[in-house]
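Colleague: Please see the structure below; I have some questions.
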Amino acid sequence: AGLTVWQDIIPLGTGNLPRDEAYLQGTIAEAIAVIKERRNHPCLILLEGGEEAFLRTTDPKFTNDFLLALGDSVQNYLNLPYVPDSPLTYATARSVGYKAKEADHVLAYFYAMGNWLMEDYLKGLDYPIYPEFAITSVPSVESLKKFIPENELWPPGLSWGHHWADLDRLKMQNFDTFDDERTGSLEEFVNASQDAQGIIFQLGVEQFRRAKPRVSGVALCHLITYWPDMKWGIIDAYQQPKRSFTHVQNAYQPLLVTLDYAKRRWQNDEPFTASIWVVNDLYDEYKKCNAVIKITDDNGKKLLSKTYPIEAIKANSSEKFVELNLNFLKKVEKTFHVELGLMDDNGKTISQNSYFFLIGDQQKASDKMKAMGKAMRARNGKYTYGNYYRFFPDVVRKGEKDWQSGKDAPKADGF
């Protein structure tokens, strides 16, 4: 197994290009130069023109004409399939002939956070490919100390905002994942943000992979970012993997035993229902296997263990094998963990996976998430999204204190 990289030929993040013909031809010439330099790499499988160019365009026809001309030009030098833009589902793209189900960028959970719990948002998606899937987290404490001044580490100071920390959304992700914002300490908050990122990625990636062949791919945005930040990467700018990296690594196992479930919060008086699937991206068939499930409580105490025979796993397949309806939740206080294992005919583990669930009221959690989203949008509406001073009451003079910029180190509220 390896990495598939979705890389722009050249950075075309808008369709609002100058209409000057010399400029447009220079842009195409730059793309051709890139193609000539890289076309002999055997790993190249697809070409793409723009990156969300239709999202921002004011003239969809001009944008489409240019992207198609770009494709015609570069395909003269490298005969690979060409996608004009990603995604092609915006209303502007559909206005020039593209379809409603071309592709989707899985970004609404972040940008419209508060409208759904993670599983409710992801379960509503139905597209053939997902070229971008993004959620944020904070680098490790060790990495933070390399770019955040000591007096601004905790509670978060202004440097967090300068490095793109959206503190509202980070707290909301934590709540969605743990039923708690996890703001008790720097290490707790950092670790929770990384685990939340990993669990959200795992949930989505496994859902999309189970839908093969109808769904043909999902790419994360990003593996690594170019600057110390509080954003998308699962490896930070110092090349240190985050805790989320392990979740993603597990979700992309070529042979994957995976759990399909409707919700992450369960009540003590109901059964736990889910299904066990196996996704096989290999061209090998596996016969006479066993799926093993083990469930433990908050303290690691075993609540249940069962083994289910699987007669055959076909090559290049995705199939549901077991429907679960288990009664153990009355024994759980706050959280429980589900471990899955897939054993071959010799008893060797060939895939394993794990999940974390909560005891709680799904509807109440959804209502609270929506209330948090409403408060976030109100604050963004007042101060604007790009103004990170909104997190610091002393700076925006919400209280009685008159901040002295030469002496004081403002701290974010809610920590």
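The values are calculated or read from the model by the stated rules, or taken from the named source; none is laboratory data. All figures in this text were calculated on a predicted structure; none of them were measured in a lab. Every residue, glycine among them, receives a Cβ derived from its backbone with ideal geometry; neighbour counts consider all protein chains shown.
Colleague: Could you list, in sequence order, the residues of the range 349-379 that are out of contact with any helix residue (DSSP H, G or I) (no Cβ under 6 Å at 6 or more places or on another chain) and among the basic types (Lys, Arg)?
Modeller: If the condition is that a residue be out of contact with any helix residue (DSSP H, G or I) (no Cβ under 6 Å at 6 or more places or on another chain) and among the basic types (Lys, Arg), then Lys364, Lys368, Lys370, Lys374, Arg377 are the ones that fit.
Colleague: For Leu186, all conditions in the list (1) surrounded by fewer than 19 Cβ atoms within 10 Å (Cβ to Cβ); (2) among the aliphatic types (A, V, I, L, M); (3) under 15 Å from the mean Cα position of the chain (by Cα) hold save one; what is the number of the exception?
Modeller: Failed condition: (3).
Colleague: What are the pairs, 6+ residues apart or on separate chains, where a residue within the range 126-153 that is in the same structural domain as Gln173 (by TED's automatic domain parsing) and under 30 Å from Thr89 (Cα atoms) has its Cβ under 6 Å from a residue that is surrounded by 14 or more Cβ atoms within 10 Å (Cβ to Cβ) and of a type in the set (Ser, Thr, Tyr)?
Modeller: Correct list of pairs: Pro131/Ser86; Ser137/Ser193; Ser137/Ser244.
Colleague: Restricting the search to the range 381-415, which residues are surrounded by 12 or more Cβ atoms within 10 Å (Cβ to Cβ), without any contact (Cβ under 8 Å) to a residue 24 or more places away in the chain and of a type outside the set (D, E, K, R)?
Modeller: Tyr383, Tyr385, Asn387, Pro393, Val396, Trp403 - these are the residues of the range 381-415 that are surrounded by 12 or more Cβ atoms within 10 Å (Cβ to Cβ), without any contact (Cβ under 8 Å) to a residue 24 or more places away in the chain and of a type outside the set (D, E, K, R).
Colleague: Additional query: Of the conditions (1) part of a loop (DSSP other than H, G, I, E, B); (2) of a type in the set (S, T, N, Q); (3) in contact with a helix residue (DSSP H, G or I) (Cβ under 7 Å, 6 or more places away or on another chain); (4) outside the structural domain of Met343 (by TED's automatic domain parsing), Asn268 satisfies every one except a single condition; which number is it?
Modeller: Of (1) part of a loop (DSSP other than H, G, I, E, B); (2) of a type in the set (S, T, N, Q); (3) in contact with a helix residue (DSSP H, G or I) (Cβ under 7 Å, 6 or more places away or on another chain); (4) outside the structural domain of Met343 (by TED's automatic domain parsing), only one is false for Asn268: (4).
Colleague: Could you check the range 238-260 and list, in sequence order, the residues that are assigned to a loop (DSSP other than H, G, I, E, B), in contact (Cβ under 8 Å) with a residue 40 or more places away in the chain and surrounded by fewer than 18 Cβ atoms within 10 Å (Cβ to Cβ)? So that I can check it myself, show each step before the final result.
Modeller: Step one: list which residues in the range 238-260 are assigned to a loop (DSSP other than H, G, I, E, B), which gives 238-240, 242, 252-254.
Now narrow it down to the ones that are in contact (Cβ under 8 Å) with a residue 40 or more places away in the chain: 238, 240, 242, 252-254.
Listed by number, the residues that qualify are Tyr238, Gln240, Pro254.
Colleague: Please tell me if Tyr77 is assigned by TED's automatic domain parsing to the domain that holds Asn16 and free of Cβ contacts under 8 Å to residues at least 40 places away in the same chain.
Modeller: Working: assigned by TED's automatic domain parsing to the domain that holds Asn16: yes; free of Cβ contacts under 8 Å to residues at least 40 places away in the same chain: no.
For Tyr77, the condition - assigned by TED's automatic domain parsing to the domain that holds Asn16 and free of Cβ contacts under 8 Å to residues at least 40 places away in the same chain - is not met.
Colleague: May I ask you to list the residues in the range 287-301 that are in a strand (DSSP E or B) and small (Gly, Ala, Ser)? Don't jump to the end; show me each part of the working.
Modeller: We begin by selecting, within the range 287-301, every residue in a strand (DSSP E or B); these are 287-297.
Across the range 287-301, the qualifying residue is only Ala291.
Colleague: Just checking, does the range 61-83 include any residue being in a loop (DSSP other than H, G, I, E, B), modelled with pLDDT under 95 and closer than 29 Å to Leu203 by Cβ?
Modeller: no
Colleague: Here are some residues: Leu170, Leu223, Leu186, Leu203. Which one is touching a residue at least 40 places away in the same chain (Cβ under 8 Å) and either within 23 Å of Ala262 (Cα to Cα) or assigned by TED's automatic domain parsing to the domain that holds Lys320 (or both)?
Modeller: The conditions single out Leu203.
Colleague: Shifting gears a bit: Output the residues belonging to the range 20-49 that are under 14 Å from Ala69 (Cα atoms) and touching a residue at least 40 places away in the same chain (Cβ under 8 Å).
Modeller: Leu24, Thr27, Ile28, Ala31, Ile32, Glu48, Gly49
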